[in-house]
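A quick write-up on the structure given underneath.
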Amino acid sequence: QVIPRERQRTQFISTQTFSFTQQIQIAFSNRPFLLVMGIYLCSWLAAQITAVVMHYFVVSWMQAPSEVFTTFALIVQGTALSMLFVWSNISQRIGKRAVYFMGIGAWVIAQIGLFSLQPGQISLMYGLGVMAGLGVSTAYLVPWSMLPDVIELDELKTGQRREGIFYAFMVMMQKIGLAVGIFLVGQALDKAGYIEGVTGDLLPAQPDSALLVIRLAIGPIPTVLLIGGLILAYFYPISKDVHAQILETLQKRRDREKKRKKKGYTANS
């Protein structure tokens, strides 16, 4: 049961400080939050791995100049930024989880398409960049927009607003995803024998093992992570209707608390 039975209890904003161990217990006892954290980690890690390997992919596999990489990166990021407002409006109608499915679904198709590209197919790569941007946008938007829902559910269950704990863990996941993405790509390229170019010289021909790692990092690896995020999102319990019930129950509790305080003030006057 997502929404607990309402009890007659005092609503308060907690000023209590928590130890690090207590913060971990609070965060990890909230199942919806664990799902949101998993969704975010999968999406963010996929985005970081793609971002790190994108230049290698364009220059070494697609055999295109750096200017093409710049254009490709602008297409992905430009689409992602412009779609934030569109997805936000759509989510108000159909819910955040549905928007996540739509965006990440497009992103998965784009990643598979990028893996299948052959050198010289620049126009097709640009088109897939637009599709990837649709998904990157939902990866930025949806997990962070789910977090307030989780905090409100926690407030409903405990009577306390503890958003600082949950936001801190999300920021930590962001940093972990960035560090892990850079580390994994760097280690994989190094072990595959990637040859670094010298500034001003022609880029050296890369061994097949390095090219394979680059293609895996632009396609199948992010795809697996994104599918993991979709699976976690499927089990996320706070739908649009459930969230509306949470807000309604919280508002009723706050109204009762206001009346109780007003009666107490009148009695003391």
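Take every Cα pair under 8 Å in region 54-188 that's 6+ residues apart, average their separations, divide by the length, and report that relative contact order as a whole percent.
Reported as a whole number, the value is 26 percent.
I'd like to know which of Trp107, Gly159, Ala73 lies farthest towards the positive end of the charge dipole of the chain, counting +1 on Cβ of Lys and Arg and -1 on Cβ of Asp and Glu.
Gly159
To the nearest 20 Debye, how big is the dipole of region 20-238 about its Cα centre, given +1 on the beta carbon of each Lys and Arg and -1 on that of each Asp and Glu?
For region 20-238, the charge dipole is close to 580 debye.
As I understand it, the value is the acute angle between the Cα axis of helix 208-218 and the longest principal axis of the Cα atoms of the chain; what does it come to in degrees, rounded to 10?
Helix 208-218 and the main axis of the chain meet at about 30 degrees.
Find which of Ile214, His243, Leu226 sits farthest along the positive direction of the dipole of region 203-269, computed with +1 on the beta-carbon of Lys and Arg, -1 on that of Asp and Glu, about the Cα centre.
His243
Based on the mean of other Cβ atoms within 10 Å per residue, sort peptides 234-242, 129-137 so the most packed one is first.
Per-residue Cβ counts within 10 Å, averaged per peptide and sorted highest first, yield 129-137, 234-242.
Work out which GluC sites (Glu not before Pro) in the chain are exposed loop sites (DSSP not H, G, I, E or B, at most 13 other Cβ within 10 Å) and give the longest gap free of them.
No qualifying site falls inside 7-195, the longest such stretch.
Please give the FRET efficiency for Met172 paired with Ser66, using the beta carbon to beta carbon distance and R0 = 35 Å, rounded to the nearest 0.05.
Calculated value: 0.55.
Please compute the modelled spin-label separation between Lys191 and Val224, points set 7 Å along Cα→Cβ, answer in nm with one decimal.
1.2 nm
Calculate one ³J(HN,Hα) per residue across region 59-66 by plugging θ = phi - 60° into the Karplus curve 6.51 cos²θ - 1.76 cosθ + 1.60, and present them in order as whole Hz with x for glycine and proline.
Result, ordered by residue: 7, 8, 8, 6, 6, 10, x, 4 Hz.
Over the Cα atoms of the chain, how large are the radius of gyration and the largest Cα-Cα distance (Dmax), in Å?
23.2, 86
Relative contact order for the chain: what percent, with Cα pairs under 8 Å and sequence separation of 6 or more?
Taking the mean separation of contacting Cα pairs over the length of the chain, I get 35 percent.
FRET efficiency for Gln25 and Leu212, Cβ-Cβ distance as r, R0 = 51 Å, nearest 0.05?
Calculated value: 0.70.
Taking the Cα of Leu203, stepping 7 Å toward and past its beta carbon, and measuring to each backbone N in region 96-126: which are under 11 Å?
120
Put a dot 7 Å past each Cα toward the Cβ at Lys259 and Ser116; how far apart are the dots in nm?
Modelled inter-label distance: 6.2 nm.
Please state, as a whole number in µm²/s, the translational diffusion coefficient that the Stokes-Einstein equation yields for region 75-180 at 10 °C and 1.306 mPa s, with Rh defined as the Kirkwood radius across alpha carbon pairs.
It diffuses with D of about 103 µm²/s by this estimate.
None of the figures in this text is laboratory data; all of them are computed from the coordinates on show. The model shown is predicted, which means the values in this text are computed figures rather than measured ones. Don't worry about glycine lacking a Cβ; one is built from the backbone with ideal geometry, like all the others, and counts go over all protein chains shown.
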